Amino acid sequence: MEEKIRVNLPKRTHDLLLKDAENFEFFKKDGSLNKNAFINRLILNYHLDYAKKQKEMLGIITSSISKLDDDPFLLEETGYRILNRLNLNQYGTDENSEVHISFRPVRDSSNTIEFIESHELRGSSRSNYYRMLFDSYCSLPQDKRERIIFRDIAEPIEEAIAEDRQIYLLSKNNYLLGRPGLILNPYSLSLTREELYNYLLAEISDVGAVRTTRLCRIRNIRILPEKRVFTDTVKEKLEKMVFNGPQYPYRDEEDEPIRVRFTEEGLRMFKVYYLHRPVPRSIEGNIYTFDCSYMQALTYFSRFGENALILEPNKLSMDMLNYYRCAEEKYEELVQ
């Protein structure tokens with residue numbers, strides 16, 4: 001078994017790595033966080049991007065100091081020493097704020113780690129190299145970090161979309177619609193409006209229903225030779241999901257616009273509550289009309305209470321009424 005590698009990190013980098021491991025659902029069978037699997041996946045999927053960034057920065061440094069010495073080897077080594085020092089200073093060097101993280105190479109990453117330690121350290125210690133790599137990863141927005149961790153899923157999806165082809169999807173939940181996998185017409189890999197997570201938007205080819213799946217919940221993708229085809233109705237639904245929020249699918253019966261009447265306090269809340277907020281199609285005074293899915297409307301407006309009243313469609317008004325009624329009954333039982 002490979003020896004553990006210990007890396008000293010700024011606390012904020014350490015905490016963000018653990019948060020990503022949780023957000024991207026790296027768990028063991030007992031439900032505990034699988035930090036080792038996450039760190040190995042990060043190194044495997046990000047080390048080439050990191051090396052490219054380092055080469056670009058090194059080029060800037062060496063071109064600036066090239067007139068100081070004609071020895072190309074000495075020039076490069078000097079450049080790497082400067083680059084390593086710049087990287088280490090980027091996030092501060094307060095040892096009191098540092099913690100450490102340990103990981104053990106696994107079979108999939110062992111060759112990559114061996115290559116890194118044989119050819120990429122270039123004047124840096126092993127611990128400092130991984131620290132700089134983790135710092136670089138953590139400087140990226142969350143949605144880009146998710147795409148890095150699940151590169152082996154995201155890139156085939158984008159390839160299939162670019163080539164206009166169907167895909168076969170296996171979910172980490174094992175079964176979808178009672179099947180081990182689904183044949184899909186992939187439409188887009190879209191961000192939530194908050195730019196936190198990536199979702200695959202697609203149509204189930206033999207059902208005609210739209211589907212949304214978070215990138216981290218896809219186990220495997222296979223590109224198929226068949227061409228993807230969308231009806232105008234399905235494309236309209238998928239475009240609405242891209243616009244309002246890709247995490248909320250549309251059901252076939254959701255073809256009526258949603259009209260909501262706000263109080264003055266409700267309008268204030270609408271401006272403040274950004275998470276999952278749908279985009280209004282039209283505004284007439286304090287009445288807003290939305291084209292979002294019913295699930296998104298229920299999820300978002302359930303926080304407003306009397307300050308946002310769903311006027312139409314009637315089914316959605318009844319669903320919201322039942323939501324509050326059930327809550328009222330539970331609270332009455334609690335306080336009696």
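Odds and ends about this structure:
- Unmet requirement for Ile43, which otherwise passes all of (1) assigned to a helix (DSSP H, G or I); (2) modelled with pLDDT under 85: (2)
- Looking across region 222-251 at every residue that is hydrophobic (A, V, I, L, M, F, W, C) and at pLDDT below 95, the one that is nearest to Arg151 (Cα to Cα) is identified as Val242.
- Among residues of region 253-271 that are closer than 14 Å to Glu312 by Cβ, those with a Cβ under 6 angstrom from a residue that is of a type in the set (Phe, Trp, Tyr), sequence gap 6+ or separate chain, pair up as Glu254/Tyr294; Ile258/Phe290; Val260/Tyr288.
- Members of region 205-261 that are in contact with a helix residue (DSSP H, G or I) (Cβ under 6 Å, 6 or more places away or on another chain) and of a type in the set (D, E, K, R): Glu254
- Close pairs from region 4-25: first farther than 14 Å from Ser127 by Cα, partner part of a strand (DSSP E or B), Cβ under 8 Å, at least 6 apart: Lys11/Glu98; Lys11/Val99; Leu17/Leu9; Leu17/Ile101; Leu18/Leu33; Ala21/Leu33; Glu22/Leu33
- Checked against (1) modelled with pLDDT of 85 or more; (2) loosely packed, with under 13 Cβ neighbours inside 10 Å; (3) in a helix (DSSP H, G or I); (4) of a type outside the set (Phe, Trp, Tyr), Ser64 passes all but condition (1).
- Only one of the numbered conditions (1) outside any loop (DSSP other than H, G, I, E, B); (2) within 30 Å of Ala21 (Cβ to Cβ) is violated by Glu239, and that is (2).
- Flag if Arg325 is of a type outside the set (Phe, Trp, Tyr), surrounded by 14 or more Cβ atoms within 10 Å (Cβ to Cβ) and modelled with pLDDT of 90 or more: no
- Those residues of region 254-271 which are in a helix (DSSP H, G or I) and of a type in the set (Phe, Trp, Tyr), in sequence order: Phe270
- Tyr288 assigned to a strand (DSSP E or B), out of contact with any Leu (no Cβ under 8 Å at 6 or more places or on another chain) and either within 22 Å of Ala202 (Cα to Cα) or not assigned by TED's automatic domain parsing to the domain that holds Glu158 (or both): yes
- Residues of region 159-172 that turn out to be part of a helix (DSSP H, G or I) and exposed (fewer than 14 other Cβ atoms within 10 Å of the Cβ), as a count: 2
- Residue-level analysis places Arg193 outside the set of residues that are in a strand (DSSP E or B) and touching a residue at least 60 places away in the same chain (Cβ under 8 Å).
- Residue satisfying all of: in region 301-318; touching a Phe, Trp or Tyr at 6+ places or on another chain (Cβ under 7 Å) and in a helix (DSSP H, G or I); nearest to Asp255 (Cα to Cα) among these: Leu316
- Conditions (1) more than 17 Å from His276 (Cα to Cα); (2) touching a residue at least 40 places away in the same chain (Cβ under 8 Å); (3) part of a strand (DSSP E or B); number of the one not met by Phe230: (3)
The values are calculated or read from the model by the stated rules, or taken from the named source; none is laboratory data. Since the model is a prediction, treat every value here as computed from it, not as a measurement. Because the Cβ atoms are built from the backbone with ideal geometry, glycine has one as well, and the counts that use them run over all protein chains shown.
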